[in-house]
1. Okay, helix-only estimate at 222 nm for the chain: each DSSP H run of n ≥ 4 adds -39500 (n - 2.57), divide by all residues, round to 500 deg cm²/dmol; what do you get?
2. Quick one: Cα centre-to-centre distance for segment 132-157 and segment 1-65, in angstrom?
3. Got the relative contact order for the chain handy, in percent, Cα pairs under 8 Å and 6 or more residues apart?
4. Extension gain residue 3-residue 21, at 0.36 nm per residue separation less the Cα-Cα distance, in nm?
5. Hey, fewest Cβ within 10 Å first, where do 108, 92 land in order?
6. Let me check against my output: what whole-number percent is the relative contact order of segment 1-80, with C-alpha pairs under 8 Å and at least 6 apart?
7. For the chain, what are the per-bin percents of Cα-Cα distances with bins 10 Å wide, up to the bin holding the maximum?
8. Name the residues of segment 87-107 whose amide N is less than 12 Å from a point 7 angstrom out from the Cα of residue 144 along the C-beta direction?
């Protein structure tokens, strides 16, 4: 396993252990994170998101990761998060493909890809099934996620 593969492994092992501080140590100060739920987050916003997600899970999140591959510049991983969505308490099994870019031995870009419709069906039930594929619902999910992150960040100041 090369050093960037070890870095990805460290990141997801920390996530599985609910250790957001170690996760954040894997990120470059200029980190750019992106996923379908939060959109683009930069710098400390990305770390705050992981801290918030771990806190909201109250220790009831299971993280499994595999297929870690990386070279000097980029990498990929597959991971699955199993948890109860905090707003509805519905069980979600989210299958995610991650892409990474590295700089100075740290992750400088992290992009997670997952099926937002599949996620919304699990998180919201029938409402997610009916509307989760629409741009409107996807924008509402992102708006709600960003609002939650801003509220969380305010309480941490």
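Values quoted throughout were computed directly from the atomic coordinates according to the rules given, and no laboratory measurement underlies them. On a predicted model such as this, the values are computed, not experimentally measured, just so you know. So basically every Cβ, Gly included, is an ideal-geometry build from the backbone, and we count neighbours across all protein chains shown.
1. -14000 deg cm²/dmol
2. With segment 132-157 and segment 1-65 each reduced to a Cα centre, they are spaced 18 Å.
3. Numbers: 269 pairs, mean separation 35.3, N = 157.
Contact order relative to length: 22 percent.
4. Numbers: separation 18, 0.36 × 18 = 6.48 nm, distance 1.95 nm.
Difference between extended and current length: 4.5 nm.
5. 108, 92
6. Details: 86 pairs, mean separation 25.9, N = 80.
Taking the mean separation of contacting Cα pairs over the length of segment 1-80, I get 32 percent.
7. 11, 41, 36, 12, 1
8. 87-90
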